[in-house]
Amino acid sequence: MASPFVEVQVGSRTVKVTNPDRVYFPERGETKLDLVNYYLSVGAGIERALRERPCMLHRYPEGVAGEKIYQKRLPKGAPDWVETVEVSFPSGRTADELCVTELAAVAWAVQMSTVEFHPWHTRRAAVERPDELRIDLDPQPGTGFTEAKAVALVVNEVLGELGAIGWPKTSGNRGIHIYVRIEPTHGFREVRRAALALAREVERRIPEQVTTAWWKEERGEQIFIDFNQNAKDRTIAAAYSVRGFAHGPVSAPVTWAELPAVETNDFTIATMPARFAALGDVHAGIDDRYFDIQELLDWSERDERDHGQGDAPYPPNFPKQDGEPPRVQPSKINRANWSEPAPGDRVEPHALE
């Protein structure tokens with residue numbers, strides 16, 4: 001028997017939505033069709049967040065209580081009007097990822113069971129040169145959204161001193177993301193270095209509240225600024241993306257003025273449409289001004305020269321990088337076989353436990 005379906009008109013496109021009554025969010029009972037209609041209600045916002053960016057999809061074919069699929073390659077069966085862009089991964093493999101150029105592509109992705117949209121911080125025209133620096137404030141055990149908000153305000157002070165504009169949003173879970181539009185003149189390595197330099201400056205100002213320690217055993221009850229979210233093929237939920245939890249939370253753009261009073265659960269697929277109808281996209285100006293990261297790269301050189309702070313570990317799926325410190329948690333370093341290398345020395349695998 002054929003699956004039930006409805007057809008949704010999105011601009012000039014007709015998108016067929018199968019199993020429209022399947023419950024995706026069990027807390028209130030929102031369905032797959034409700035999810036499509038949510039994304040259409042915030043259309044200008046989600047389009048702005050995704051436009052021309054390679055995009056990984058988090059798919060939940062049975063709703064968020066079921067299996068989660070991480071989809072990098074465009075799902076099969078896409079209409080010819082759904083566009084893609086080829087990207088390469090740290091492994092050297094390549095894939096054609098969804099590249100949203102119109103709102104109908106978002107609706108089609110939801111038809112393919114997508115709940116979360118995770119775009120790259122580059123665009124199709126320069127897929128190896130980020131135009132977005134991402135500051136990810138990640139609460140560690142013993143901290144939460146309240147502490148993340150306090151750290152975000154300090155981040156905003158530092159950005160203001162640099163002449164940069166930060167655009168904050170809730171993560172849709174416990175954290176906060178801050179985006180800075182940057183000139184797409186540097187590669188992933190340099191943008192990650194700039195993000196690490198910014199994170200270390202915030203850490204110096206409020207060391208009891210912030211950590212840049214990559215290893216969890218060293219973080220304590222602090223907010224971790226995850227600089228590695230600026231590495232290649234690392235993605236976070238887009239502005240206006242729904243998250244895969246039973247109550248349908250949304251990664252919600254907010255203003256700096258309202259940030260101290262908001263709570264992450266204020267924003268769901270049930271509440272965001274009315275907010276968007278009243279306020280529009282509060283990040284509508286994000287593309288109006290771009291920041292040159294050169295001063296942050298100068299900070300990075302200063303950190304190494306004056307503070308002995310070189311590079312930090314990359315995520316485990318990356319090839320070993322030149323100048324990277326040991327990619328092993330400190331408590332597991334075999335002290336009998338390890339001695340600190342001189343600056344510029346390559347760390348050989350046999351040196352690690």
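A few points about this structure:
- Only the Cβ atoms of Lys and Arg (+1) and of Asp and Glu (-1) were treated as charged; on that basis the dipole of the chain about its Cα centre amounts to roughly 880 debye.
- Using all pairs of distinct alpha-carbon atoms, the Kirkwood hydrodynamic radius of the stretch 220-293 works out to 14.7 angstrom.
- Dipole orientation for the stretch 5-119: of the candidates ASN37, PRO90, LEU74, PRO90 has the Cα lying most toward the positive pole (charges on Cβ; Lys, Arg +1; Asp, Glu -1).
- MRE, 222 nm, helices only [DSSP H, n ≥ 4, -39500 (n - 2.57), over the chain, to nearest 500]: -7500 deg cm²/dmol
- Note that the chain carries a Kirkwood radius of 21.4 Å, evaluated over its alpha carbons pair by pair.
- At most 15 other Cβ within 10 Å, DSSP loop - trypsin sites (Lys or Arg not before Pro), the stretch 271-337: ARG289, LYS320, ARG335
- Percent of C-alpha pairs per 10 Å bin, the stretch 4-69, short to long: 18, 45, 35, 2
- Within straight-line reach of LYS32, meaning a Cα separation under 24 Å, sit the following lysines at least 8 residues removed in sequence or on another chain: LYS16, LYS68, LYS72, LYS76.
- Cross-link partners for LYS320 among the lysines, with Cα-Cα distance under 22 Å and sequence neighbours closer than 8 places in the same chain left out: LYS216, LYS232, LYS332.
- Alpha-carbon radius of gyration plus Dmax, which is the widest Cα pair, for the stretch 164-245 in Å: 13.5, 37
- Per-residue HN-Hα couplings for the stretch 280-290 [Karplus 6.51, -1.76, 1.60; θ = phi - 60°; Hz; x = Gly/Pro]: x, 7, 6, 9, 4, x, 4, 8, 7, 8, 10
- Of the DSSP H helices in the chain, those whose Cα atoms cover at least 20 Å axially and whose Kyte score averages 0.5 or more: 145-162
- For the stretch 5-119, the percent of C-alpha pairs falling in each 5 Å distance bin, counted from 0 to the bin holding the largest distance, reads 2, 12, 23, 24, 21, 12, 4, 2, 0.
- Mean sequence separation of contacting Cα pairs (under 8 Å, at least six apart), scaled by the length of the chain, corresponds to a relative contact order of 17 percent.
- Of the chymotrypsin sites (Phe, Trp or Tyr not before Pro) found in the stretch 41-142, those that fall in a DSSP loop while having at most 15 other beta-carbon atoms within 10 Å are TRP81.
All of the numbers you see were taken from the coordinates with simple rules; none came from a lab. Since this is a predicted model, take the numbers as computed values, not measurements. When we count neighbours, we look across all protein chains shown, and the Cβ atoms used for this are built from the backbone with ideal geometry, even at glycine.
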